[in-house]
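Working notes, structure below.
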4 protein chains.
Amino acid sequence: MNFTSDNSYGAAPEIIEAMARANAGALGSYGADPYAARVEERLREIFETDLRVFLVTTGTAANALALASVSPPWGTVFCHHEAHIAEDECGAPEFFGGGLTLRHLPGDNAKIEPEALTQFITECGARGVHQTQPSALSLTNLTEKGALYSPEEVVHLSRIAHAGGCAVHLDGTRFANAVVASGETPAALSWRSGVDILCLGATKNGALAAEAVIFFDPERQADALSSFEFRRKRGGHLVSKGRMLSAQMDAWLEGDFWLNRAARSNAMGQRLAAGLRAVAGVEITNDAAANILFARLPLALHRSLRAAGVAYYLEPASQTEEGDGVGVRVRLVCSPSTSAEDVDAFLALCAQPAEVSA
Amino acid sequence: MNFTSDNSYGAAPEIIEAMARANAGALGSYGADPYAARVEERLREIFETDLRVFLVTTGTAANALALASVSPPWGTVFCHHEAHIAEDECGAPEFFGGGLTLRHLPGDNAKIEPEALTQFITECGARGVHQTQPSALSLTNLTEKGALYSPEEVVHLSRIAHAGGCAVHLDGTRFANAVVASGETPAALSWRSGVDILCLGATKNGALAAEAVIFFDPERQADALSSFEFRRKRGGHLVSKGRMLSAQMDAWLEGDFWLNRAARSNAMGQRLAAGLRAVAGVEITNDAAANILFARLPLALHRSLRAAGVAYYLEPASQTEEGDGVGVRVRLVCSPSTSAEDVDAFLALCAQPAEVSA
Amino acid sequence: MNFTSDNSYGAAPEIIEAMARANAGALGSYGADPYAARVEERLREIFETDLRVFLVTTGTAANALALASVSPPWGTVFCHHEAHIAEDECGAPEFFGGGLTLRHLPGDNAKIEPEALTQFITECGARGVHQTQPSALSLTNLTEKGALYSPEEVVHLSRIAHAGGCAVHLDGTRFANAVVASGETPAALSWRSGVDILCLGATKNGALAAEAVIFFDPERQADALSSFEFRRKRGGHLVSKGRMLSAQMDAWLEGDFWLNRAARSNAMGQRLAAGLRAVAGVEITNDAAANILFARLPLALHRSLRAAGVAYYLEPASQTEEGDGVGVRVRLVCSPSTSAEDVDAFLALCAQPAEVSA
Amino acid sequence: MNFTSDNSYGAAPEIIEAMARANAGALGSYGADPYAARVEERLREIFETDLRVFLVTTGTAANALALASVSPPWGTVFCHHEAHIAEDECGAPEFFGGGLTLRHLPGDNAKIEPEALTQFITECGARGVHQTQPSALSLTNLTEKGALYSPEEVVHLSRIAHAGGCAVHLDGTRFANAVVASGETPAALSWRSGVDILCLGATKNGALAAEAVIFFDPERQADALSSFEFRRKRGGHLVSKGRMLSAQMDAWLEGDFWLNRAARSNAMGQRLAAGLRAVAGVEITNDAAANILFARLPLALHRSLRAAGVAYYLEPASQTEEGDGVGVRVRLVCSPSTSAEDVDAFLALCAQPAEVSA
């Protein structure tokens, strides 16, 4: 049983097959292939608007390149202090952005408090050249804590951001999970709510390595688009056999494949949550809206799960395996490859933990 | 009356005279002049230890170059969220440090809480390459809020930092004020308490533009020293007629000139604080240990001071001149050029504020 | 017929099959998979020495990350003026290296003249901090002009570089072609001749997107290795489903697959060269040792090839399709997917060019 | 006798006196002082056009900040291979420019050959995102080799640059010398000939440390201006007591002080050149139009000058004091502080060199 991450499993077989099919013959390189054109077309339909898309291999590259394209080196990017860009990218936004600054904002469930955003934007840049200047708001939906922003919440934050001179970036590593969990359309959760740039992640939801950076309203964002292309190349992220990326994304977006995958991992996440709520001593500590749970497990239960070989991460990572001596805080993630059997087996272990000596 | 900053006034006449004296004839350029050698010698005596010193024109350059020399681009520098490097240098540390990250820590009076430092260092870097790594602790003494760290407090924080793999940097823009206010020796407030690099500021205390970056224990810090020299040149901070800087610093360090200057501004600050404490409705909001006061003034008093032409800054700068409609939060700084007459005139205005229509 | 580049075709079917096989089940992510370990083992056998290897998706990333790991921001990297890092990576080394400097050296066939290297290293850095300092020599073998460095030539240049304080980097995008064409061992063309870091390219020779950065003598290069890991992550080049890269490289290195592929493209290149030498008016302008030819074609021939739909690049790209009005300079590249039929059909077109109106 | 550089001497006494006068009282800091406003006014008169000016302490900072303001990180700056930005600033343009690229162009007397510029601009960027893009042409007048560009030459090069999408930057460290030597107006040698940004140096011509970065046609260059201000602050080059810089520049520009100074050093340079031409065995190797001479001295003469304590630099610096065993190549620079007596004494030594054993 592996609940470590939605990238512990390989890609969906359909994606691999699509890569194999796309492999034959000579095609234009560096993105000049027919799959790339079709991806852009598909995305225009899905998002019901004009857009431009660029493909890269990792979410870190997608986020960092996107932010660097809309923020000068003296810009401030506002994000939640638990955001992936703040905690898991080893300073990639600062690197790609020529030394830009991330400003960490508070909020429950890794959702930014609008009041804090208003205050920070107001203070940032009030003294001109002495301070870095507001340049972007970065949201994550599904959040790092597995919670959802509603369209209304995104609208609220985007308005504050735009009024303060910021572009709005959405880290959509788990955007598919958010769409499914919310029942909203992709458009409603993105540009219709004020999002300017969406990093749409496929890797955690079926692809092998494929992320789409989507610029909405491309005419208005012409400068950012041009900047992105040079940054991508010079960042080593312009893949020569571009079909590797476009074939993945093309297959992933076909039909409702991408949403169906997210529906499956969400369902497993909810099954796990429902089961855990019935386990005495276990506390679910996040607003688990989709496929990610945070929980506090009694130490004895944690030990017995480890003894049974169940894989998951401690969160925060700075804990020891003993936690605070009473309980251990953990993160449990369901992927599209997680089976109901796995979830039920996990819950069975929780219901009857084996006794394990410390 | 000008209480805006300790850099609103020009330099001490003694400093200008020293610059004029040093101006004659041909001398080695780029730091190869006899004044530079004497500055290093003076500093060794003052700090009672071996050291290496580099001179630059601004505090921003001093801090940023120092931090870049001890932090890789994927390093995290821990600082108070009100520190000059966090709030007033437009991202200079991030720029010079190749995209390093500042981590803002809490604490009253702009002093870092040791518990927060321990926690942040523990969490930072716990997941290896996914996170930026602890690289430096940056303290400021006198703090941005005009408070003092005692040697014991510096020792405590330095130990946490060193144990976590961090170098300890001290922003000493007002180090002279801290030495005088604490009654401690320069050594006790720096290397004896664990400080590895001190940016000793003369500009706010009599010089025209001169800051010394001091590396203690230079043999151990040989790599940082070498890095610093290249960074300074490539940062455009290696002045060709080096005597411009060294003559200032040489004169400033002669005898107790630098400490006497600080003693004067501290005395004015304390005179101002004592007077303000007697003014009804005025609240001093910081631990005013030296020459900097933060206060909340009744709006009517603020208006009358402005009408009388008294200069000072609102703090935070994002306030309007109306504050919150009742009171206004301000910063009042005494420089060595502030006279007792100025302070007393200010207090007289406070005692009998003129009525001013809004 | 497509002679544009060795990356116009997809991957070898064997590589795609290996990716598909490696796709099943949950594995350690970010490089902690069994394929990655086996790749390192295979490379130790192939190169007959200890080494450490990191995988990335593009040659640009490989080169830039490698150079940044051994060069400070004030370093100078010496390379041929036609090198990929100088002409085709949009400044990636400068970006990853924090603003390092490339110094372009002359030489026929894109091979660096040793005398020029000696002179440039001697002059660079002679004035201390005023100049950037020698930090790396970057060679390319097979060169951008399709020529070979012999082991003796690499030894000669490496000695000059090491004596001048430079690490030696080898851009091995077509290293397999060089090994096959020279009849030398991989070791003889790399570490035994002084190479410290080899970027071994698989993408142009059968893989979909996989490049190996190999550090020889890893104990000595411990600092560069550590730096590389942080730079890769923060550059967005640490792929989460690491098996994507390691499975490709593992299959590519199995048996003599990688060398057999190179042998095929080299053979096609030589067949093309031999045929072209017999065509009146065509001049082969490079020392075509493997699979890359540079030629000057009569304008009429060029037009008829274009009319027949043959794809290849003008070189330099700044030419128009009319060249200088008499002839056109072109680059012709054979890939492992180039067939003898394609080559022969091309030569047949050359023997009897159709008349095409301008 | 010191012929090492025009920055070996201190500032003109008039400059020091102006600094002393400007030192009294409280003034706006960070450039908000009356001297700064007057400098801008004076420059508008001198250059007969609208402009914006920013002051910094070093020529390296001026050049690097200016270039970074008009070049993206993926830009190419074209300069002569002997330019100060290429050879003497330790990579400052690359650092401030976020990893931009300098392209070294050939030409006698450190003047760029127009044909080379045309060719390089044409080739650079012909392949889109794979290459860095033309962004700026950087000229130096007076050149590093002491020669002059005429207005016609500047026009010619500027037209090529502008047509290729480049801004035109002029390193005017010795612009005053060029104005005097050419008999042209400041306007004719700058914006009227196509220069967009001029770094006007005072430090080598009487100031202690003051350089003016002048943007012509400020409305058109609004983006670069805004960028410059943030870059200057974050580069640590915004001096708090701004009068330090503005008082120097104000006094330097008063009347014809700056041109008179240049006239004096030019006159000394010509006196030296005339005298040396009469010395047997000495070869003047540059087109010595102003105050800088390059010469090849017989080894015996060089030894006797050294023995007499005459100071000058070898050029290139990589020579030993023995040169090539027959002659030594040297640079001789006259500053405004160089006296006719010094020049004549030097020439007397040349006429009758003492015999010195090797």
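The values are calculated or read from the model by the stated rules, or taken from the named source; none is laboratory data. Just so you know, these numbers come straight off a predicted model, no measurement behind them. No Cβ is skipped: glycine too gets one built from the backbone with ideal geometry, and neighbour counts run over all protein chains shown. These accessible areas exclude ligands, DNA and RNA; they are computed on the full protein's heavy atoms, side chains included. Shrake-Rupley method; radii C 1.70, N 1.55, O 1.52, S 1.80 Å.
For the stretch A:172-248, what size does the Cα cloud have along each of its three principal axes, sorted from largest down, in whole Å?
That gives 38, 32, 17 Å along the principal axes, largest extent first.
Can you tell me the FRET efficiency between A:Ala24 and D:Ser226 if r is taken as the Cβ-Cβ distance and R0 is 51 Å, rounded to the nearest 0.05?
Step by step, r from the Cβ atoms, then E = 0.50.
Determine, for each peptide in A:200-209, A:23-32, the mean count of other beta carbons within 10 angstrom over its residues, then list the peptides with the highest first.
A:200-209, A:23-32
Rounded to the nearest 0.05, what FRET efficiency do C:Ser318 and D:Glu322 give with R0 = 56 Å and r taken as the Cβ-Cβ distance? Could you check?
With R0 = 56 Å, the Cβ-Cβ based efficiency is 0.80.
Put a point 7 Å out from Cα along the line to Cβ at C:Ala163; what are the distances to that point in the other copies, in nm, shortest first?
4.6, 5.2, 6.9
With both bridge residues required to lie in the stretch C:94-208, what share of the DSSP beta bridges run antiparallel, to the nearest 5%?
For the stretch C:94-208, the DSSP antiparallel bridge percentage is about 0.
Let's see if you can work this out: charge +1 on each Lys and Arg Cβ, -1 on each Asp and Glu Cβ, no other charges. What is the dipole magnitude of chain D about its Cα centre, in debye to the nearest 20?
520 debye
If the viscosity is 1.002 mPa s and the temperature 20 °C, what Stokes-Einstein diffusion coefficient in µm²/s follows for the stretch C:178-220 when Rh is the Kirkwood radius over Cα pairs?
Estimated via Stokes-Einstein, D reaches 187 µm²/s.
So how exposed is A:Glu45, as accessible area in Å² (1.4 Å probe, rounded to 10)?
130 Å²
Per-residue mean of other chain beta-carbon atoms within 10 angstrom of the beta-carbon, peptide D:48-61?
3
Per DSSP H run of at least 4 residues, take -39500 (n - 2.57); add these up for chain C, divide by its residues and hand me the 222 nm value, nearest 500 deg cm²/dmol.
It comes out at -12000 deg cm²/dmol, rounded to the nearest 500.
Report the gain in length on full extension from D:Ala311 to D:Glu41: 0.36 nm times residue separation, minus Cα-Cα distance, nm rounded to one decimal.
Residue separation times 0.36 nm, minus the Cα-Cα distance, leaves 93.3 nm.
How much of the DSSP bridge set in the protein assembly as shown is antiparallel, in percent, rounded to the nearest 5?
Just about 55 percent of them are antiparallel.
For the stretch D:1-88, rounded, prolate or oblate, judged on the Cα gyration tensor with a ≥ b ≥ c (square roots of eigenvalues), a/c < 1.5 rounded, else prolate if a/b > b/c?
Judged from the Cα gyration tensor, the stretch D:1-88 comes out oblate (a/c at least 1.5, b/c at or above a/b).
Could I have the simple spin-label model distance between B:Ala274 and D:Thr285, label points 7 Å from Cα toward Cβ, reported in nm to one decimal?
According to this spin-label approximation, the distance is 7.2 nm.
Under 5 Å between amide hydrogens, which residues at least 5 positions from D:Arg103 or on another chain qualify, with H placed 1.01 Å from N in the peptide plane?
Long-range HN contacts for D:Arg103: D:Val77, D:Phe78, D:Cys79.
Compute the helix-to-body angle for C:243-253: its Cα long axis versus the longest principal axis of chain C, expressed 0 to 90° and rounded to tens.
So the inclination is approximately 70 degrees.
Tabulate in residue order the Karplus-calculated ³J(HN,Hα) for the stretch C:344-349, using 6.51 cos²θ - 1.76 cosθ + 1.60 with θ = phi - 60°, rounded to whole Hz; enter x for Gly and Pro.
Taking θ as phi minus 60°, the curve returns 5, 5, 4, 5, 5, 4 Hz for the stretch C:344-349.
For the stretch D:86-133, count the residues as N, evaluate 2.2 N^0.38 Å, and divide the Cα radius of gyration by that value, please.
1.31
Please figure out what share of the DSSP beta bridges in chain C is antiparallel and state it in percent, rounded to the nearest 5.
55 percent
Before anything else, pin down the relative contact order of chain A: Cα pairs under 8 Å, at least 6 apart, normalised by residue count, whole percent.
RCO, chain A: 23 percent.
How big is the stretch D:227-311 on each of its three principal axes, counting only the C-alpha atoms and giving the largest first in Å?
Principal axes ranked by extent give 54, 31, 26 Å for the Cα atoms.
Order A:238-248, B:6-16 from most to least packed using the mean count of other Cβ atoms within 10 Å.
Result, highest mean Cβ count within 10 Å first: A:238-248, B:6-16.
Mind checking how much accessible area C and B bury in total, 1.4 Å probe, in Å² rounded to 100?
Between C and B, the summed buried area is about 1600 Å².
Taking only protein heavy atoms into account and a 1.4 Å probe, give the accessible area per residue of chain B in Å².
32 Å²
Can you give me the relative contact order of the stretch C:142-249 as a percent, contacts being Cα pairs under 8 Å and 6 or more apart?
Worked out over the stretch C:142-249, it gives 22 percent.
For the stretch B:126-235, restrict the atom set to alpha-carbon positions and state the Rg and Dmax in Å.
14.9, 47
Would you mind checking which residues have amide H under 5 Å from A:Thr140's amide H? H placed 1.01 Å from N; only 5 or more apart, or other chain.
Residues meeting the amide H criterion: A:Asp171.
From the backbone phi of the stretch D:212-221, what are the Karplus-calculated ³J(HN,Hα) couplings (6.51 cos²θ - 1.76 cosθ + 1.60, θ = phi - 60°) in whole Hz, Gly and Pro given as x?
Rounded to whole hertz, the list is 10, 9, 10, 9, 7, 6, x, 5, 5, 9.
With a 1.4 Å probe and all protein chains left in place, how much of the accessible area of the protein assembly as shown comes from carbon and sulfur atoms, in whole percent?
50 percent
Given Cβ point charges of +1 (Lys, Arg) and -1 (Asp, Glu) and nothing else, what value in debye, to the nearest 20, does the dipole of the stretch D:267-315 about its Cα centre take?
180 debye
Calculate the FRET efficiency for A:Ala354 and B:Glu115 from the Cβ-Cβ distance with a Förster distance of 35 Å, rounded to the nearest 0.05.
The computed FRET efficiency comes out at 0.40.
Could you name the lysines whose alpha carbon sits less than 18 Å from that of D:Lys111, not counting residues in the same chain fewer than 8 places away?
Straight-distance partners of D:Lys111: D:Lys145.
If the convex hull of the alpha-carbon atoms of the protein assembly as shown is projected onto planes in all directions, what is the mean projected area in square nanometres?
Over every viewing direction, the Cα hull of the protein assembly as shown projects on average to 55.1 nm².
So, in Å, what gap is there between the alpha-carbon centers of the stretch A:44-113 and the stretch A:164-208?
12 Å
Could you tell me what fraction of 2.2 N^0.38 Å the Cα radius of gyration of the stretch D:238-285 comes to, as a two-decimal ratio?
Taking the Cα Rg and dividing by 2.2 N^0.38 Å, one obtains 1.87.
In µm²/s, what is D for the stretch B:214-266 at 10 °C and 1.306 mPa s, where D = kT/(6 pi eta Rh) by Stokes-Einstein and Rh is the Kirkwood radius from Cα pairs?
Answer, rounded: 118 µm²/s.
Can you give the log10 of the normalised intensity I(q)/I(0) at q = 0.13, 0.23, 0.29 Å⁻¹, computed with Debye over equal Cα scatterers of the stretch C:301-350?
The calculated log intensity ratios at q = 0.13, 0.23, 0.29 Å⁻¹ are -0.33, -0.92, -1.22.
I'd like to compare D:259-265, D:324-330, A:274-280, B:158-164: which one has the highest average count of other Cβ atoms within 10 Å, and what's the full order after that?
The peptides rank, most packed first, as D:259-265, B:158-164, D:324-330, A:274-280.
Ratio of chain A's C-alpha Rg to 2.2 N^0.38 Å, to two decimals?
Here the Cα radius of gyration is 1.01 times the empirical estimate.
Per-residue HN-Hα couplings for the stretch D:170-179, Karplus 6.51 cos²θ - 1.76 cosθ + 1.60 at θ = phi - 60°, whole Hz, x for Gly and Pro?
Karplus values, whole Hz, x for Gly and Pro: 10, 7, x, 3, 10, 4, 4, 4, 5, 4.
What would the Debye formula give as log10 I(q)/I(0) at q = 0.17 Å⁻¹ for the alpha-carbon point model of the stretch D:203-358, no solvent?
The calculated log intensity ratios at q = 0.17 Å⁻¹ are -0.98.
Which of the lysines could a cross-linker bridge to C:Lys241, judged by Cα under 21 Å and excluding same-chain residues fewer than eight apart?
A:Lys204, A:Lys241, C:Lys233
Mind listing P(r) for the stretch C:1-157? All alpha-carbon pairs, 5 Å bins, whole percents.
2, 8, 13, 15, 17, 16, 13, 8, 5, 2, 1, 0
Between the alpha-carbon centers of the stretch A:300-316 and the stretch D:229-295, tell me the distance in whole angstrom.
Using only Cα atoms, the two centres lie 73 Å from each other.
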